[in-house]
Amino acid sequence: MEKLKSFIGKIFLDYTSPNPIRKPQAEADSPIIRLSSEIYTLITLLEKCLMMGLFQCINSLLYILCVMPIKTLISPSRVTIFRTLILFLVSFQVSYMMSVSRLYHDLKEQDFLKLNFVYNMIGVADQLLMAFGQKCMKTMTSSLENLIITVIYVWLHSMHLSLAITVFEVALNSSKYNLLLVIMTSAFVELKITVFKKHDKKVLMNVINNDIVERLQVFIYMLTLLAKAIINRRSNIDELVNGILIILSTYFIIDWVKHYFVLHFNSMQPSVYQKVYEDMKDNWTKTYTTGGFFDGDKVVENTLDPSCSLTLHYKFMALPQACMILRSFSEFLISNSAIMNATIFAIASVAKVLVNVMILVM
């Protein structure tokens, strides 16, 4: 019997013999092992970069919502902060007066193709508004005309974000698979544009910045929809959570596939993400210590608070995002007591401190 087992084991490469003969080094050098190790390294370093950028953008968003009003009360003579607060309040008031309830019902009646068309239009408009907003925010304090243009921009962008979250809500409420199909359709277009393009470190940094902003926006959309469902005590919260998890997982996988082929077609190593991460963290430190950060060899000065200046370089527009969030929860905040709103404000302030700590310890 032992001889028979030994004979069968030799036939099947000694896997079933009592003392199998293995070649650890050969296995370690196999293409499958190398590929899995490369993918694991890529995902780890990529997520490290994206998490750093996400925390920096969340910090700038919490600055607009929590710190800026307090700074204005303490030192109203600081023109930049005062103008930014006025800009924020005017834009919020104008967007608050415009209802999107009718828009929700109009979109709800549309079929998948029209919803997909609207979603793709929103994606293109978002890129254009972010590019235009980056220039507006840098020049808003130079003249009254620029300030007025910036007010119009923030209002338009906040309304655009309200439209985007309405599209997400319609697609998610009709069927989570509708939204998943819309996202997948848009993702293949993005992959086609990004993957086959020539990349160096600077171009790759722009791709990472876009992914950071896009992922944070999706997080905000999903958390806003979930919070509104909890506040309104909807009965299908479990189904909504499952849909949100599916959508977020899809975004993660799309990012991993995109960056894998970007590295593959440009003969780049995953270690490039470690260098990008170090640059992001160094710039975060420099913007607080020296009043500016480095974009390549060029020094970029702070135009707003350090919390916002660096993320403005990522094309993350904190003011429109803050307007959209307050607009979404305006009825809830108005119906609350002052104590409840003060508690929410305190929790947000503590969250900002924790986000800063996370950035420092990462």
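Worth a mention:
- For the stretch 122-188 and the stretch 210-243, distance of Cα centres in Å: 17
- Between the listed residues Ala164, Val151, Phe196, the Cα displaced farthest toward the positive end of the dipole of the stretch 121-206, a dipole computed from Cβ unit charges relative to the Cα centre, is found at Phe196.
- Additional length obtainable on full extension of the chain from Glu239 to Lys202, 0.36 nm per residue less Cα span: 9.2 nm
- Here the simple spin-label model places points 7 Å from the Cα toward Cβ, and for Asn232 and Ser186 these points are separated by 2.1 nm.
The numbers here are math on the coordinates, done by the rules we state, and not lab data. What you are looking at is a predicted structure, and each value in this text was computed from that prediction instead of being measured. Ideal geometry is used to build each Cβ from the backbone, glycine not excepted, and the neighbour counts take in all protein chains shown.
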